[in-house]
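Below is one structure; the comments refer to it alone.
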Amino acid sequence: MQVLKDFSENQRNYLLYQSRREAIIKENTIIKRYEEKAEELKKALKEKKKAFKDREDAFKEKEKAFKDREDAFKEKKKAFKEKEDVLKEKKKADEKIKSLMMLLKEKGIEIPDER
């Protein structure tokens, strides 16, 4: 009878051991899955950060290019204004010359126009 009792006790202990072992294996499997998922998420986050930085760098480059074009436009506008001012001065000078030539012509002095 004691042998039967010991056998039952051993059987019960073995079944407890087996169920604990299976529970630990399941827990370890779940932990491993979560760790893998965490690694995947870390990798995805790292890739997203890199993509964001790349987009940010591209935006900065476009912004710099825009500023460069804006500066070039300002320079062209300034050059155009200077050219316009020179043309106005030339026109004023031509009008003065014309006026002076008319005065000289009225006085009887003719000077050939060599322009």
Efficiency by 1/(1 + (r/R0)^6): what FRET value for residue 85 and residue 111, r their Cβ-Cβ distance, R0 = 25 Å, to the nearest 0.05?
0.35
Computed over the chain: longest principal axis from alpha-carbon atoms vs helix 2-106 long axis, angle to nearest 10 degrees, is 0 degrees
Residues residue 94 and residue 63, FRET efficiency given R0 of 41 Å [Cβ-Cβ distance, rounded to 0.05]:
0.35
Working out 0.36 nm times the residue gap between residue 71 and residue 13, then minus their Cα-Cα distance, what length gain in nm do you get to one decimal?
12.4 nm
Projected label distance in nm at residue 29 and residue 49, using a 7 Å step from Cα toward the beta-carbon:
3.4 nm
Answer with a single label: of (1) 14.3; (2) 24.4; (3) 13.9, which was calculated as Kirkwood radius over Cα pairs in Å from the structure in view?
(2)
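The numbers here are math on the coordinates, done by the rules we state, and not lab data. Here the structure is a predicted model, which is why all the values come from computation and not from measurement. Positions of Cβ are generated from backbone atoms using ideal geometry, with glycine treated the same way; all protein chains shown enter the neighbour counts.
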